[in-house]
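Student: Got a structure for you, written out below as structure tokens; questions coming shortly.
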Amino acid sequence: MSRANHPHAGYITHHFAASGTDIATLSAFLAELVATDPRNVLPEGDNPPIWEAPAVGIAAASDPLFATLKQPGVVGPIHVDADHWLTGAKSVVSFFLPFSREVKKSYDKHARLPSLEWVSGRQNGEVFVNVARRALARYLQSQGGRAVVPTLQRHYQAVDLIPMWSERHVAFIAGIGTFGLHGGLLTEKGAAGRIGSVVTDLDLLPTPRPYTGVYEYCPWVTDGTCGACIARCPVGAVHDTGKDHQICLTNGRDHIRPAYAAWGYHSCGHCQNNLPCTDGIPAAKKAGSRPLTALT
């Protein structure tokens, strides 16, 4: 059965000419989805794209790092293994979608509030992240496997901001990037973006992790330089030992939500924009290797 006639086929499967499950093909699949799917646009202004081509990584479902995510101070006991989502899971495909140049450029570094393009992209962009998650799952199904999107399952939940499937940590295990002081992921595509993942029973070749330290790409943690995200946070949620997510939420609730009430938008992004890590991995003097329990 061709992909175009597959019962799970969607928009992209009618356009993507290649086949295979290697990292290059999966990356090309998602890149084409981002470039051609008409849903990847802001509803405001001249409808600029929300996302650019992603960074993609693959982790073995049996990678021992998944077990460490259940430790208190990492994610916690709420976190589950890949086979919780799919019996017989063998691989996890993770991707980081960077915000487009247009969205990032709109973010005035001198303004206390984020731009309309950013808050729109953060909310409407998550709709497209779900498009990408589902499209990737359907593509893997078209290649003969089973595939599930954990965060779209009915029983998926987060308790006190702690998720039972942490896409940031999954991306770290899949070799996409390391953590930063601000709690986000630092990748070759920068820190301004969103993450998705799919669990499959296809036995895919894992992506080598080009790092050993959990905060290896963050200059503040590795050699005490930078720290630009500390000063960027308008409510003091980022400090020299990490990020307080409860304080972070107050900015969206008390300042951004009222300012964008007419649109229903409320997301901040100061610790992702106008920083050395916004568009790529910042330079560091030396690599660091802190334990996974630190700062996350």
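Student: Could you list, in sequence order, all residues of region 1-40 that are outside any loop (DSSP other than H, G, I, E, B), polar (S, T, N, Q) and modelled with pLDDT of 90 or more?
Tutor: Within region 1-40, Thr25, Ser27, Thr36 meet the criteria.
Student: Can you tell me which of (1) aliphatic (A, V, I, L, M); (2) more than 19 Å from Arg39 (Cα to Cα); (3) part of a helix (DSSP H, G or I) is the one Val198 doesn't meet?
Tutor: Condition not satisfied by Val198: (3).
Student: While we're looking at this one, here's another question. Test Phe128 against the criterion of being of a type outside the set (S, T, N, Q), within 19 Å of Val198 (Cβ to Cβ), touching a helix residue (DSSP H, G or I) at 6+ places or on another chain (Cβ under 9 Å) and in a helix (DSSP H, G or I), and give yes or no.
Tutor: yes
Student: Could you tell me which of the residues Ala228, Ala237, Ala262 is out of contact with any Phe, Trp or Tyr (no Cβ under 8 Å at 6 or more places or on another chain), surrounded by fewer than 19 Cβ atoms within 10 Å (Cβ to Cβ), over 19 Å from Glu167 (Cβ atoms) and modelled with pLDDT of 90 or more?
Tutor: Ala262
Student: Within region 56-64, does at least one residue satisfy the condition of being touching a residue at least 24 places away in the same chain (Cβ under 8 Å), surrounded by fewer than 19 Cβ atoms within 10 Å (Cβ to Cβ) and not hydroxyl-bearing (Ser, Thr, Tyr)?
Tutor: Yes, region 56-64 contains a residue that is touching a residue at least 24 places away in the same chain (Cβ under 8 Å), surrounded by fewer than 19 Cβ atoms within 10 Å (Cβ to Cβ) and not hydroxyl-bearing (Ser, Thr, Tyr).
Student: With Gly252, Gly269, Gly236 as the choices, which residue is out of contact with any Pro (no Cβ under 9 Å at 6 or more places or on another chain) and assigned to a loop (DSSP other than H, G, I, E, B)?
Tutor: None of the other options fit; the residue is Gly236.
Student: Of the conditions (1) more than 18 Å from Leu30 (Cα to Cα); (2) crowded, with 24+ Cβ neighbours inside 10 Å; (3) touching a Cys at 6+ places or on another chain (Cβ under 9 Å), Gly183 satisfies every one except a single condition; which number is it?
Tutor: Tallying (1) more than 18 Å from Leu30 (Cα to Cα); (2) crowded, with 24+ Cβ neighbours inside 10 Å; (3) touching a Cys at 6+ places or on another chain (Cβ under 9 Å), Gly183 fails exactly one: (2).
Student: Continuing with this model, one more query. Could you list, in sequence order, the residues of region 41-56 that are in a loop (DSSP other than H, G, I, E, B) and either at pLDDT 95 or above or closer than 20 Å to Ala192 by Cβ (or both)?
Tutor: Result: Leu42, Pro43, Glu44, Gly45, Asn47, Pro48, Ile50, Glu52, Ala53, Pro54.
Student: Here are some residues: Val127, Val159, Val170, Val198. Which one is under 14 Å from the mean Cα position of the chain (by Cα) and surrounded by fewer than 19 Cβ atoms within 10 Å (Cβ to Cβ)?
Tutor: Val127
Student: Look through Glu167, Glu126 and report the one residue that is within 30 Å of Ala17 (Cβ to Cβ) and touching a Lys or Arg at 6+ places or on another chain (Cβ under 7 Å).
Tutor: The conditions single out Glu126.
Student: Another question about this same structure. Search region 38-48 for residues being touching a residue at least 40 places away in the same chain (Cβ under 8 Å) and surrounded by fewer than 19 Cβ atoms within 10 Å (Cβ to Cβ), and hand back the single one that is nearest to Asn130 (Cα to Cα).
Tutor: By that ranking, first place goes to Arg39.
Student: Kindly indicate which of Ala59, Ala89, Ala135 is part of a helix (DSSP H, G or I), farther than 18 Å from His270 by Cβ and not aromatic (Phe, Trp, Tyr).
Tutor: Selected residue: Ala135, the only one of Ala59, Ala89, Ala135 that is part of a helix (DSSP H, G or I), farther than 18 Å from His270 by Cβ and not aromatic (Phe, Trp, Tyr).
Student: Going residue by residue through region 114-129, is there one that turns out to be aliphatic (A, V, I, L, M) and over 27 Å from Ile281 (Cβ atoms)?
Tutor: yes
The values are calculated or read from the model by the stated rules, or taken from the named source; none is laboratory data. Keep in mind that this is a model prediction, so the values were computed, not measured. Backbone-built Cβ (ideal geometry, glycine too); neighbour counts: all protein chains shown.
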